[in-house]
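Asker: Next up is a structure, given as structure tokens.
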Amino acid sequence: IFKFLNYFKAELSIVLGTASSDSVLPQIMKKLKNLGIKDSTVGLVIPTGYSFNLDGFSIYLTLGVIFIAQACNIDLSMHDLLAILLVSLVTSKGAHGIPGSALVILAATLSVIPSLPTIGLVLLLSVDWFIGIVRACTNLIGNCVTTVAIAHWEQDIDHARAQAVLDQKIELNS
């Protein structure tokens with residue numbers, strides 16, 4: 001995994017600076033193709049992942065609601081937790097491109113449980129930008145790993161080439 005992350009270090013650096021993974025979409029697709037993954041797999045999985053595979057965003061929404069509930073000393077039932085999880089999975093779709101949009105979506109998620117105060121968002125305001133960076137990096141890494149996993153599953157990857165690229169024996173194609 002460290003070789004894999006090192007391969008995407010330039011893109012991860014951009015994501016760290018912008019808190020958005022959209023700006024590196026073309027470079028990610030190029031690098032995944034260079035790993036030996038077929039164009040058709042990269043062309044399908046990455047754009048789909050950018051819309052539907054927002055792991056970091058879903059995790060943030062769920063943990064944000066639980067944090068606010070604990071900070072306000074509100075006990076959540078298992079039914080409440082499952083509702084939050086399902087709503088966060090649905091509301092996170094398509095919200096990846098705008099840094100700071102998580103607070104609006106978190107407010108919508110909080111409204112699912114009437115006992116949770118929306119004003120609890122204030123507790124997260126000071127750290128939202130930094131959490132946004134982690135969310136974007138998590139989404140980027142998740143989409144890249146998913147692409148490799150699906151390519152392996154569909155036998156659309158040249159494993160020897162991928163290993164050579166990750167070992168830095170083959171450079172990125174221009």
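Asker: Just to be sure before I move on: is L82 loosely packed, with under 13 Cβ neighbours inside 10 Å and assigned to a helix (DSSP H, G or I) in the structure I sent? Show your work before the answer.
Answerer: On the way: loosely packed, with under 13 Cβ neighbours inside 10 Å: yes; assigned to a helix (DSSP H, G or I): yes.
Considered against the rule, which asks whether it is loosely packed, with under 13 Cβ neighbours inside 10 Å and assigned to a helix (DSSP H, G or I), L82 comes out as yes.
Asker: A further question follows. V87 - would you say it is outside any loop (DSSP other than H, G, I, E, B), touching a strand residue (DSSP E or B) at 6+ places or on another chain (Cβ under 9 Å) and at negative phi?
Answerer: Working: outside any loop (DSSP other than H, G, I, E, B): yes; touching a strand residue (DSSP E or B) at 6+ places or on another chain (Cβ under 9 Å): no; at negative phi: yes.
Taking the combined requirement at face value, the residue does not satisfy it.
Asker: If F67 satisfies all but one of (1) crowded, with 18+ Cβ neighbours inside 10 Å; (2) under 21 Å from the mean Cα position of the chain (by Cα), what's the number of the condition it fails?
Answerer: Every listed condition holds for F67 apart from (1).
Asker: Counting just the residues of the stretch 124-155 that are assigned to a loop (DSSP other than H, G, I, E, B) and free of Cβ contacts under 8 Å to residues at least 60 places away in the same chain, which one comes out surrounded by the fewest Cβ atoms within 10 Å (Cβ to Cβ)?
Answerer: Of the residues in the stretch 124-155, the ones assigned to a loop (DSSP other than H, G, I, E, B) are 126-127, 154-155.
Then drop every residue that is not free of Cβ contacts under 8 Å to residues at least 60 places away in the same chain, which leaves 126-127, 155.
Numbers: S126: 8, V127: 10, Q155: 10.
The extreme case among them is S126.
Asker: Restricting to the stretch 156-166, give me the number of residues that are over 11 Å from V42 (Cα atoms) and either at pLDDT below 90 or crowded, with 17+ Cβ neighbours inside 10 Å (or both).
Answerer: Pass one, the stretch 156-166, residues over 11 Å from V42 (Cα atoms): 158-166.
Cutting the leftovers down to either at pLDDT below 90 or crowded, with 17+ Cβ neighbours inside 10 Å (or both) gives us 162, 165.
Matching residues across the stretch 156-166 total 2.
Asker: Looking only at residues in the stretch 47-58 that are surrounded by fewer than 20 Cβ atoms within 10 Å (Cβ to Cβ) and within 9 Å of the chain's Cα centre (by Cα), which one is modelled with the highest pLDDT?
Answerer: Step one: of the stretch 47-58, the residues surrounded by fewer than 20 Cβ atoms within 10 Å (Cβ to Cβ) are 47-48, 50-52, 55.
Restricting the remaining residues to those that are within 9 Å of the chain's Cα centre (by Cα) gives 50, 55.
Details: Y50: 79, D55: 75.
Across the stretch 47-58, the extreme among qualifying residues is Y50.
Asker: Could you list, in sequence order, all residues of the stretch 101-123 that are more than 13 Å from T62 (Cβ to Cβ) and part of a helix (DSSP H, G or I)?
Answerer: Once the filter is applied, which keeps residues that are more than 13 Å from T62 (Cβ to Cβ) and part of a helix (DSSP H, G or I), the stretch 101-123 yields S101, L103, V104, A107, A108, T118, I119, G120, L121, V122, L123.
Asker: Quick one: S20 ticks every box in (1) in contact (Cβ under 8 Å) with a residue 40 or more places away in the chain; (2) under 22 Å from A149 (Cα atoms); (3) polar (S, T, N, Q) bar one, so which box is it?
Answerer: (2)
Asker: Which of the residues spanning the stretch 84-137 are polar (S, T, N, Q) and modelled with pLDDT of 80 or more? Quick ask: steps written out before the conclusion?
Answerer: At the first step, the residues of the stretch 84-137 found to be polar (S, T, N, Q) are 88, 91-92, 101, 109, 111, 115, 118, 126.
T109, S111, S115, T118, S126, listed by residue number.
Asker: Can K31 be described as under 20 Å from the mean Cα position of the chain (by Cα), basic (K, R) and surrounded by fewer than 17 Cβ atoms within 10 Å (Cβ to Cβ)? Before you say what the answer is, go through the steps one by one.
Answerer: Details: under 20 Å from the mean Cα position of the chain (by Cα): yes; basic (K, R): yes; surrounded by fewer than 17 Cβ atoms within 10 Å (Cβ to Cβ): no.
No: the conditions fail for K31.
Asker: In the stretch 34-46, what residues are part of a helix (DSSP H, G or I) and open to solvent by 70 Å² or more (accessible area, probe 1.4 Å)?
Answerer: The first filter runs over the stretch 34-46 and keeps only residues part of a helix (DSSP H, G or I), leaving 34, 39-46.
D39, S40, L44, listed by residue number.
The values are calculated or read from the model by the stated rules, or taken from the named source; none is laboratory data. For clarity, every value in this text was computed on a predicted model and none was experimentally measured. Here Cβ is always computed from backbone atoms with ideal geometry, including for glycine, and neighbour counts include all displayed protein chains. Accessible surface areas use protein heavy atoms only, side chains included; no ligands, DNA or RNA. Shrake-Rupley method; radii C 1.70, N 1.55, O 1.52, S 1.80 Å.
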